[in-house]
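Okay, so here's the structure we're looking at.
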Amino acid sequence: MFLRDLHLCPILHINNPPFPPLVKSVRPETEGELEGFERRGKMAKRHPLKITVIKKLSAKEIYGKPLAEVTDDFPAYCDRLEVGKEFVVDESGAMPAGFCTWAWHDIYPAVTGLRFGGNYPWMKQDGMIYSCCSDGARPVFFKIERL
């Protein structure tokens with residue numbers, strides 16, 4: 001089928017879609033709608049967060065013995081982060097200086113949820129969550145709180 005023949009294809013409905021568009025025009029049509037449009041057009045509120053390193057584990061603590069597949073000269077605990085260290089995520093949502101990029105990738109969904117005002121229903125306290133990095137040999141655990 002050629003691009004010029006798409007109008008003949010009943011499945012695609014290119015020229016005559018069977019459903020109304022899912023997204024309404026974002027341009028206000030009347031002066032009265034302009035005020036509401038300006039209010040709706042603003043970005044969602046972004047909250048700063050505090051990330052606290054609360055625990056580090058070694059392979060021996062997790063599995064009961066060192067992992068044979070991990071080299072002996074590799075540190076038993078994560079050497080990037082220290083227990084008690086606190087990091088602040090500002091409204092931009094950028095990774096804090098000195099934070100581990102691997103851990104950031106792992107906890108980013110939780111960070112994003114809290115930044116935009118979300119809460120986790122299984123947590124007794126709103127605005128916080130516990131999370132960890134996915135390093136299976138030496139994970140690090142975090143407490144993430146909305147400020």
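The values are calculated or read from the model by the stated rules, or taken from the named source; none is laboratory data. Fair warning: this is a prediction, and the values are worked out from it, not measured in the lab. Quick reminder, even Gly has a Cβ in these numbers, built from the backbone with ideal geometry, and neighbours come from all protein chains shown.
What to note about this one:
- Being touching a Lys or Arg at 6+ places or on another chain (Cβ under 6 Å), modelled with pLDDT under 95, surrounded by 14 or more Cβ atoms within 10 Å (Cβ to Cβ) and not in a strand (DSSP E or B) is a condition met by at least one residue of region 79-99.
- For region 69-78, the tally of residues that are exposed (fewer than 13 other Cβ atoms within 10 Å of the Cβ) and at pLDDT below 90 stands at 4.
- Residue match in region 110-122 (condition: touching a helix residue (DSSP H, G or I) at 6+ places or on another chain (Cβ under 6 Å) and under 19 Å from VAL53 (Cβ atoms)): no
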